[in-house]
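The values are calculated or read from the model by the stated rules, or taken from the named source; none is laboratory data. Small disclaimer: the values here were computed from a predicted structure and weren't measured. Note that we place each Cβ from the backbone using ideal geometry, even for glycine, and neighbour counts take in every protein chain shown. Each accessible area value is taken on the protein alone, full model and side chains, heavy atoms only, with ligands, DNA and RNA left out. Shrake-Rupley method; radii C 1.70, N 1.55, O 1.52, S 1.80 Å.
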Amino acid sequence: MRKPFPEATPLSIMVPKVLQVFLNVALLGLAVTLSFLLMRSLVEFIQLLWTLESYDYKVFLADILLFFLYFEFIAMIVKYFKEDYHFPLRYFLYIGITAMTRVIIVEHDNPVHTLLNALVIFILIASYFIINMTPRERPEIANQHEKKLPSSLIR
């Protein structure tokens, strides 16, 4: 009779560990690059405030949203390492909402595309709302419901 799960071999143990190390190093490199870009954007904002040049407000808003995209990606990488190598879905939704807002600000010449982009933002916000409304750990919720029921109803 065949076992449902074969025993672990050294290769099946080593390959995921090597890939995890590669992923962690790549994410650290990405975090350093994003941190550099974030600081560069911050310096550009400070220079803009000191020079008081006439600046297109659309470009300025797009730059601010790009700054927040850098910030959100860095926060997501930090969360990845803090939550035992797990990317929370809500950070992807934050990034998607910010990115689509930036697209609307930068490219709003076509009304149909702007409407579709706004629809995408609405779907992302609805997804975020649904994620926040659903319990994160379902077994604990089931146990709470059992505790509230009378013992005669639990079998």
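Could you work out the relative contact order of region 14-135? I mean the mean sequence separation of Cα pairs under 8 Å and 6+ apart, divided by the number of residues, in percent.
Working: 73 pairs, mean separation 27.4, N = 122.
Relative contact order here is 22 percent.
Grab the Cα-Cα distance for Lys58 and Leu42, subtract it from 0.36 nm times how many residues apart they are, and report the gain in nm with one decimal.
That pair, Lys58 and Leu42, stretches by 4.0 nm at full extension.
Before I look further, what does region 14-135 give for accessible area per residue, probe 1.4 Å, in whole square angstrom?
Per-residue accessible area for region 14-135 comes out at 70 Å².
If you roll a 1.4 angstrom probe over the protein chains with everything in place, what fraction of the accessible area of region 1-138 belongs to carbon and sulfur, to the nearest %? List each step's numbers first, then the result.
Values: 7650 of 10570 Å².
Using a 1.4 Å probe with all protein chains present, region 1-138 comes out at 72 percent carbon and sulfur.
State to the nearest 20 debye the size of the charge dipole of region 29-144 about its Cα centre, where the only charges are +1 on K and R beta carbons and -1 on D and E beta carbons.
For this selection, approximately 280 debye.
If you filter region 18-124 for chymotrypsin sites (Phe, Trp or Tyr not before Pro), then keep DSSP loop positions with at most 14 other Cβ within 10 Å, what is left?
Answer by residue number: Tyr55, Tyr85.
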